Each structure stands twice: as structure tokens, then as C-alpha cells.
Amino acid sequence: MMMGSNLDLYSQHNKSKVSGGMNLPDWVSEKHMTGTSIMAIEFDGGVVLGADTRSTTGAYVANRVADKLTKITDKIYCCRSGSAADTQAIADIVNYHLEFHEVQTGVDPPVKSAAVVFKGLCYQYRDQMSAGILVAGWDKQLGGQIYSIPIGGMINRQKVSIGGSGSSYIYGFVDSQYKDNMTLEESADFVTRALSLAIMRDGSSGGCVRLAIITEAGVERRLITGDKLPKFYEG
């Protein structure tokens with residue numbers, strides 16, 4: 001308790017120094033959030049993950065080009081939504097567990113193993129953390145896979161999954177446009193169009209669209225800048 005009290009006093013002291021004793025704006029003390037739009041889709045041969053690049057502290061845009069696609073292993077990535085600090089901490093812990101698993105077994109960890117570790121942590125700390133995760137990747141056992149782990153720690157495998165604050169704006173679009181057995185390029189274009197629509201409608205999403213395409217051959221990263229995103233009706 002003493003350490004926490006000291007840190008609180010230190011924080012208050014420095015805020016007072018910076019502001020000259022005046023109250024600072026609310027966003028200064030707000031959590032750094034990846035209030036966001038994230039998406040993943042399976043295709044024949046792998047998966048495509050995508051996310052916008054805006055992160056916020058309250059109403060203030062803290063980072064316009066944040067990377068919400070986090071590497072877990074060479075062929076497993078996750079999309080993060082919620083608290084930036086919480087989701088990055090969980091991803092780092094899962095990365096540690098899977099590296100240890102690889103050392104012990106001598107084989108690449110399955111995608112489902114990563115998802116189960118994420119689920120366990122999100123459930124165990126569901127009252128302390130804000131973390132919604134999409135885990136996606138490729139392994140020899142099951143090929144391309146996507147596991148959705150919403151806030152609270154449930155786990156569900158899906159062929160296509162969306163999450164974050166922008167997802168509520170694009171459920172109809174995804175339902176109407178999704179089809180089985182898309183090619184790699186069709187999948188990448190579908191994710192880009194869906195996220196562009198979410199960025200247009202959701203105030204907490206913005207910036208660019210980052211993609212990660214994971215296949216047996218490895219990972220391909222793409223960046224679609226704001227001026228090259230598809231345009232939609234803006235009335």
C-alpha cells in the first residue's frame with residue numbers, strides 16, 4: 001500500500017508542476033485505449049488479419065499510426081482492442097508461454113494453444129483488465145484458424161470475426177458480403193473495405209489499415225494509407 005500511495009503522490013506532484021497548479025484536461029489521466037476496429041478472415045491457405053491505426057486517451061487521438069497487429073510467434077498474430085497497456089501485457093505473456101512451449105516440445109505451437117492461453121488470462125483478470133482479442137494464424141494440424149476472445153474471456157472459433165468499437169457499424173456489411181472459399185486477394189480486399197467503412201463511421205477508429213496475411217510460407221504485412229482507402233457514401 002505504501003508503494004502505491006507514494007506513486008500516487010508522485011503523480012499528483014508532477015501533474016501540479018506541469019500544470020502550474022491548475023487542473024489538467026481529462027484526457028491527460030485517461031487510459032491509452034485502442035478503441036478500434038479489428039477483423040480477421042480465413043481463406044483457403046491461411047488467414048488475413050486487419051486493424052485500423054488510431055489509439056486514443058479519452059477524446060484525444062494519441063497515435064494515428066498505432067500497430068494493433070501483434071506478433072505472438074512466426075505464424076500466429078493477434079488483433080488487440082481495449083486498453084493498449086492491458087492487451088500488450090497479455091500478448092507479451094502469451095508470447096513467453098509459447099516460446100517456452102516451443103523449447104520444451106521442439107515444434108511450433110498450434111494456433112489453438114495460443115488462443116487458450118489468451119482466454120485463460122482474459123478470464124482470470126476479467127475484472128481488472130479491458131482486453132478483446134482476435135487470435136489468428138496457421139499451423140500444420142488445422143491450417144488457418146481464427147479464435148475470438150471478447151472482453152470477459154470467452155473463446156470461439158470463427159471463419160470471419162470482427163471486434164472493437166467500430167465493429168457495430170459493419171455487421172450488416174460483413175454478413176452481406178462474406179462468402180466461403182475466398183482467395184487471398186479477395187479476403188484482403190474484403191477486410192480493407194470493411195475496416196474502411198468502420199473508420200468512416202466510428203469516431204474511435206481512424207488512420208490507416210494494417211493487414212497481416214499468414215500462410216504456410218510465413219507472414220506478409222501490408223499498409224493501406226488513408227488516401228488509398230475505399231470511399232463510401234458520407235451523407
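The values are calculated or read from the model by the stated rules, or taken from the named source; none is laboratory data. In this text, all values refer to a predicted model and were calculated from it rather than measured experimentally. With ideal geometry, Cβ positions are generated from the backbone for all residues, glycine too; neighbour counts draw on all protein chains shown. Heavy atoms of the whole protein, side chains included, go into the accessibility calculation; ligands, DNA and RNA do not. Shrake-Rupley method; radii C 1.70, N 1.55, O 1.52, S 1.80 Å.
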Segments 37-44, 182-189, 134-141 sorted - mean Cβ within 10 Å per residue, highest first: 37-44, 134-141, 182-189
Segment ASP175-THR105, length gained on full extension (0.36 nm per residue, minus Cα span): 21.2 nm
Portion, in percent, of the accessible area of region 32-128 that falls on carbon or sulfur, probe 1.4 Å: 50 percent
With every protein chain in place, region 148-205: carbon and sulfur % of accessible area (1.4 Å): 49 percent
Surface per residue (accessible, 1.4 Å probe) for region 89-226, Å²: 49 Å²
Inter-label distance for GLN124 and ALA217, nm, one decimal - labels placed 7 Å from Cα along Cα-to-Cβ: 3.9 nm
Greater than 31 Å apart at Cα, pairs in LYS179/LYS228; LYS112/LYS179; LYS112/LYS231; LYS68/LYS231; LYS112/LYS228; LYS159/LYS231: LYS112/LYS231; LYS112/LYS228
